Amino acid sequence: MRARAQARVREDRVRRAVRGLKGADAAASVRAEPVTLACHLDSVETVNGRQIVLRGWAEDIGRGEVWLHIGSSAAPIRLNPIISVREDVSAHLRKEGHHPETDRHGFAATATLSGALGPTVHISLVAGPWTAVSAALPIAPQEIPVAAFLHLAVDIARRTGGSMLANLAQILNALSLDPPPPPKVADVRRFGPAAAAPRASIIIPFYGNAFFLIDQLEAQRRAPLDVEWILVSDDPGLTPVLLDQLTRRAATIERPTTLVALGSNGGYAHANNIGAAHAAGQYLLLMNSDVLCDDFGFLDRGVAHLQSHAGVGCVGFSLQFEDGTVQHDGVSFQRVPWLEQLWAGEHLGKGLPVRPDAPSPVDVDAVTGALMLLRRADFASGPVLDPGYHFGDFEDADLCLRVAEQGQSIALLRETGLWHLERQSLRLLADQDGRRAMTTVNCLRFNEKWGAVLDRRTAAERPS
Amino acid sequence: MKVMVVAHGHPALSPGGGERAAYSLFEHLKGTEGIDPVFVARADPADIAHDAWFSSFRGKPDEILWETPAYDWFRRTSEKPDILRLHAQALIDRFQPDVVHFHHYIFFGVDAIGAFRDLARCRTVLTLHEYALICHHDGQMVKTRTFRPCHVSSPAECHACFPERPAAQFFARGHLLRHLLDRADALISPSAFLRDRHVAWGIPQDRITVIENLLPPAFERAIAPPQAASDRASTRVRLGFFGTLNRYKGAPLLLDAIRHLPPEISARLELVLFGAKLEDQPDEFQQIVKKGIADSTAKVSLFGPYENREVARLMRGVDWLVVPSTWWENSPVVIQEALAVGTPILASNIGGMAEKVRDGIDGLHFLAGSPADLAERIEAIVSGRVTLQPTPVNVVDRNRQVLDAHLRLYGVPGV
């Protein structure tokens with residue numbers, strides 16, 4: 001309570017300081033007369049119109065609290081900037097007659113906006129009784145996609161010095177990257193024969209490119225008759241391409257096939273959830289477009305397993321890389337050193353030759369969402385995947401933990417002739433740094449949600 | 001029985017080995033009792049010459065030119081399968097084939113096999129040419145950077161040749177193509193080497209029958225008269241190069257080898273190049289060939305392309321045929337022609353060349369890609385240390401056997 005009250009006092013002080021600088025209020029109400037803060041913004045970017053990314057410098061910014069004032073009607077925002085050494089700024093300030101006490105002037109900061117951005121902003125620095133406020137800084141913010149922001153975040157985190165991951169977490173924590181609302185369905189098109197009480201619905205989201213559509217359609221020829229395909233275009237720019245290819249191949253589409261075109265990019269979880277809402281099958285097979293199969297025996301075996309094992313809530317399948325090595329053979333939750341001992345799903349045996357004598361089926365902590373079989377009835381009252389994660393990462397682990405919390409187990413069926421040509425669309429979303437940033441932000445959320453559960457599990461499994 | 005031979009080109013418009021093999025098959029089928037063939041060849045709109053997808057080549061009702069819809073050169077499938085099916089239906093309605101025999105798949109796509117089969121409910125046969133299913137580099141199985149022969153394809157190695165494409169795309173490409181090939185009732189490979197490469201790539205060996213390409217009836221007639229005495233005035237040993245002048249066929253290697261020869265050998269040597277399409281090659285390549293000819297210490301003559309009906313006479317006019325290709329080849333028609341004429345062959349020791357030319361019997365092998373080794377063989381020939389007079393293959397008998405093998409695959413009774 002006390003800390004909150006102190007923060008309110010400081011916030012009020014910053015408000016009055018800015019007003020004082022504008023001459024709109026009596027500076028007497030400020031305990032110390034505000035002085036002008038030498039400050040410059042190199043760039044201002046926004047994400048989803050709600051988050052702001054600032055880069056620039058301010059004299060001796062490391063000496064106190066930093067606040068951002070975006071307009072007279074919005075509350076000032078406390079920043080938690082990453083500060084860097086800028087000797088060039090020190091030289092500039094001295095030339096201008098200032099007397100900087102340090103070389104720590106550079107900063108990068110992110111924040112969730114508390115209101116509409118005006119044409120100018122102020123930066124304030126509060127150190128003890130002393131407050132410095134910048135002149136009005138004109139801005140022309142550039143809106144960037146989340147993926148670009150994550151890339152930017154990694155760039156800032158790396159260039160700032162110190163622990164890259166700690167810096168990155170600091171940036172990401174300053175943002176509330178809320179899940180986007182579910183996108184609207186813009187169009188639904190049906191191809192092939194009509195679906196009559198299908199046994200299973202195969203849900204395949206598409207984002208970025210349609211390269212594997214031809215593979216999925218060709219595979220239909222080898223599929224059971226009582227299966228329907230729900231293709232979800234999570235990319236309005238891609239929808240015409242998918243539609244064109246489906247129309248051109250309409251005469252050869254041999255199974256009920258529905259294209260659900262979303263009005264905007266809603267992300268992997270929303271795409272699957274909307275696909276599930278359009279499904280009529282008793283079973284849902286979540287499948288990435290880059291999963292290829294020689295035949296659909298795996299689906300029959302998966303359905304049979306769910307039918308005969310009421311205690312199993314989710315069935316996954318072993319998958320191979322293009323070179324025949326293990327892409328997926330179950331997931332184990334572990335604290336991983338490359339994410340500073342956060343909990344993450346560790347793919348077992350990934351990249352190693354397949355063990356021909358491995359037993360099947362087996363219980364595992366989790367399975368990949370790239371190919372995952374579920375009972376549709378189990379998700380009648382809620383979404384299949386949590387849309388709070390970004391870009392198809394951690395949603396499957398999250399789902400498996402939800403299933404486990406309901407008292408059901410996760411089964412892995414070991415199969416041959418199933419390949420996952422992994423992360424084709426993620427590759428389109430961002431480069432390696434961007435992907436690392438996505439993993440980090442998703443992992444932080446996953447730990448916030450499930451860390452205590454996994455700790456409890458580990459403690460319960462530990463021999464007394 | 002109605003047989004539709006579908007080829008990637010008409011040899012009169014695009015004189016490649018595959019096109020010639022397809023057309024030879026058509027010609028032989030025309031002369032076979034009980035067979036009613038039609039030849040359908042992909043063509044450019046300019047060759048169609050009117051506003052339609054099809055035309056008759058030189059007004060012949062059984063030779064159809066076809067402007068195929070757009071084709072995906074990576075996937076080796078049609079980019080417009082709906083239009084492809086419309087075209088296929090039109091051809092099927094008009095000719096009612098019992099068998100559709102595809103020669104190659106470029107320009108129309110491997111998925112055309114399934115389209116024709118579904119629509120015509122007919123037997124489908126595919127003759128493989130090149131390695132285009134296996135290799136994205138012009139189907140040559142040659143590395144993109146070094147132009148060295150590639151022995152085995154894999155997604156990772158293909159990605160190394162084409163870094164802009166992830167390995168996964170190469171895997172998916174192969175996976176799809178192998179499944180699409182299931183729609184062919186029979187696969188033919190003109191060489192065991194080509195078959196083995198496709199078996200290594202994942203096609204069951206028992207699905208591929210090795211059947212040599214046919215040589216045209218006109219060639220049978222051309223070599224029938226007894227050989228006239230040579231009227232050559234020159235006493236030089238004459239080497240002949242027949243084929244396309246491009247990077248893979250090895251003409252620069254041959255010119256380089258001649259530069260390695262001692263002056264007394266090159267003074268007794270003559271090279272004749274019956275080479276086509278030099279003008280279509282990159283400037284740099286054209287300059288290499290032209291400079292190689294200009295700088296040669298031996299007599300070198302560039303005759304350009306030749307008419308097919310002349311090939312027997314031209315081949316009899318050389319002492320040795322040289323096939324210096326730096327890629328694997330499949331079953332080069334020029335080798336078949338030289339074997340029929342009885343001209344010895346100096347060939348690279350790889351792939352279809354090594355298979356078709358028996359070292360020391362039909363000719364000599366040299367180390368593929370090595371001008372020094374080729375120079376040594378040429379020196380041995382010119383100095384008289386090596387002499388070969390292969391017995392000509394009876395091309396009529398051989399063609400009869402090859403045709404029967406085709407008819408058996410078509411299901412013609414009593415063959």
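The values are calculated or read from the model by the stated rules, or taken from the named source; none is laboratory data. No experiment lies behind these values; they were computed from the predicted model shown. Neighbour counts are summed over all protein chains in view; Cβ atoms, including those assigned to glycine, are modelled from backbone coordinates with ideal geometry. Areas reflect the complete protein model, heavy atoms only, side chains present, ligands, DNA and RNA absent. Shrake-Rupley method; radii C 1.70, N 1.55, O 1.52, S 1.80 Å.
Numbers below:
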| quantity | calculated |
| --- | --- |
| Qualifying position, being touching a Lys or Arg at 6+ places or on another chain (Cβ under 6 Å), part of a strand (DSSP E or B), closer than 24 Å to A:Ile70 by Cα and open to solvent by less than 50 Å² (accessible area, probe 1.4 Å), among A:Ile83, A:Ile123 | A:Ile83 |
| Of the criteria (1) part of a strand (DSSP E or B); (2) farther than 17 Å from A:Ala157 by Cα; (3) at pLDDT 90 or above, which one A:Val44 fails | (2) |
| Residue among B:Arg408, B:Arg316 that alone is over 20 Å from the mean Cα position of the chain (by Cα), more than 22 Å from B:Tyr248 (Cα to Cα) and modelled with pLDDT under 95 | B:Arg316 |
| Residue that is closer than 21 Å to B:Arg221 by Cβ and buried (at least 24 other Cβ atoms within 10 Å of the Cβ), where the choices are B:Leu339, B:Leu314, B:Leu403, B:Leu374 | B:Leu339 |
| Cross-chain or 6+ apart pairs with Cβ under 7 Å, the range A:323-343 first and within 14 Å of chain B (Cβ to nearest Cβ), then of a type in the set (A, V, I, L, M) and in a strand (DSSP E or B) | A:Gln327/A:Leu319 |
| Qualifying residue in the range B:163-173 (condition: in contact (Cβ under 8 Å) with a residue 12 or more places away in the chain, open to solvent by 20 Å² or more (accessible area, probe 1.4 Å), away from chain A (no Cβ under 11 Å) and more than 18 Å from B:Arg207 (Cβ to Cβ)) | no |
| Hey, A:Gly369 crowded, with 16+ Cβ neighbours inside 10 Å, at negative phi and not β-branched (Val, Ile, Thr) or not | yes |
| Residues satisfying the stated conditions in the range A:183-198, i.e. aliphatic (A, V, I, L, M) and loosely packed, with under 13 Cβ neighbours inside 10 Å | A:Val188, A:Ala194, A:Ala196, A:Ala197 |
| Every residue from the range A:295-321 that is in a helix (DSSP H, G or I) and either within 15 Å of A:Asp226 (Cα to Cα) or open to solvent by less than 10 Å² (accessible area, probe 1.4 Å) (or both) | A:Gly297, A:Phe298, A:Leu299, A:Asp300, A:Arg301, A:Gly302, A:Val303, A:Ala304, A:Leu306 |
| Which listed residue is within 25 Å of the chain's Cα centre (by Cα) and more than 21 Å from B:Gly369 (Cβ to Cβ), from B:Gly304, B:Gly275, B:Gly250, B:Gly243 | B:Gly304 |
| Those residues of the range B:290-311 which are open to solvent by 70 Å² or more (accessible area, probe 1.4 Å) and under 20 Å from B:Ile378 (Cβ atoms), in sequence order | B:Lys291, B:Ala294, B:Asp295, B:Thr297, B:Lys299, B:Leu302, B:Phe303 |
| Residue within the range A:452-462 that is open to solvent by less than 20 Å² (accessible area, probe 1.4 Å), at pLDDT 95 or above, under 29 Å from A:Ala279 (Cα atoms) and not in a loop (DSSP other than H, G, I, E, B) present | no |
| B:Tyr410, sole failed condition from (1) touching a Phe, Trp or Tyr at 6+ places or on another chain (Cβ under 9 Å); (2) of a type in the set (Phe, Trp, Tyr); (3) crowded, with 17+ Cβ neighbours inside 10 Å | (1) |
| Conditions (1) open to solvent by less than 20 Å² (accessible area, probe 1.4 Å); (2) assigned to a strand (DSSP E or B); (3) more than 14 Å from every other protein chain (Cβ to nearest Cβ); number of the one not met by A:Leu292 | (3) |
| Those residues of the range B:174-213 which are open to solvent by 50 Å² or more (accessible area, probe 1.4 Å) and within 14 Å of chain A (Cβ to nearest Cβ), in sequence order | B:Arg178, B:Asp182, B:Pro204 |
| Residue match in the range B:201-208 (condition: assigned to a helix (DSSP H, G or I), among the small types (Gly, Ala, Ser) and at pLDDT 95 or above) | no |
| So B:Phe193, is it at pLDDT below 95 and closer than 30 Å to B:Asn394 by Cα | no |
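Residue by residue, here is whether (1) farther than 15 Å from A:Ser134 by Cβ; (2) of a type in the set (Val, Ile, Thr) holds:
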{"site": "A:Glu45", "(1), (2)": "yes, no"}
{"site": "A:Gly56", "(1), (2)": "no, no"}
{"site": "A:Gly62", "(1), (2)": "yes, no"}
{"site": "A:Val85", "(1), (2)": "yes, yes"}
{"site": "A:Phe107", "(1), (2)": "no, no"}
